[in-house]
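Undergrad: Quick one: this structure, given as structure tokens, is what I'll be asking you about.
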Amino acid sequence: MTMVGRAAAAVWEFVVGDDWVTAVGVAVAIAAAAALQGAGVAAWWLEPLAVLVLLGASLRRAVWTERAQPIGQAGQGKGGGG
């Protein structure tokens, strides 16, 4: 893999990581804020609101995933645990 390919893969892993839904939500929030600002509407309030909503949704998904695992398997996500 070329250096550019490795850099692109690293950026992708950093931005998207394990939660692609949140990454898409952030992109949509940025696009919506830009559209509102372009239409002359003050959109400063949209990003903090998006952070709160996306963080809450991400935490809810994480808790549901953790609870859905069989007994004795909790805490052993992708990293394998200690």
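Undergrad: Quick one: compute the contact order of the chain, relative version, from alpha carbon pairs under 8 angstrom and 6+ residues apart, as a percent.
TA: 21
Undergrad: Whole-Hz ³J(HN,Hα) for each residue in segment 46-57, computed from phi via Karplus 6.51 cos²θ - 1.76 cosθ + 1.60 with θ = phi - 60°, x for glycine and proline: what do you get?
TA: 6, 5, x, 5, 4, 4, 4, 5, 5, 5, x, 5
Undergrad: Sticking with this structure for a sec: Could you work out [θ]222 nm for the chain from helices alone, using -39500 (n - 2.57) per DSSP H run of at least four and dividing by all its residues? Round to the nearest 500 deg cm²/dmol.
TA: The per-residue figure over the chain is -23000 deg cm²/dmol.
Undergrad: Quick one: what are the phi-derived ³J(HN,Hα) couplings along segment 17-25, Karplus 6.51/-1.76/1.60 with θ = phi - 60°, whole Hz, x for glycine and proline?
TA: Using θ = phi - 60°, the values come out as x, 8, 10, 5, 5, 5, 4, 5, x Hz.
Undergrad: Hey, another quick one. The list [x] 15, 31, 21, 13, 10, 7, 3, 0; [y] 15, 31, 29, 19, 6, 0; [z] 20, 46, 25, 7, 1 gives values of P(r) over Cα pairs in 10 Å bins from 0, in percent, and only one came from this structure; which label was calculated from it?
TA: Comparing each candidate, only [y] matches the computed number.
Undergrad: How much net charge surrounds residue 21 when only the other residues with a Cβ under 13 Å from the Cβ of residue 21 are counted, with Lys and Arg +1 and Asp and Glu -1?
TA: Net local charge, residue 21 excluded: 0.
Every number in this text was worked out from the coordinates using simple rules, so none of it is lab data. Please read all numbers here as calculations on a predicted model, not as lab measurements. When we count neighbours, we look across all protein chains shown, and the Cβ atoms used for this are built from the backbone with ideal geometry, even at glycine.
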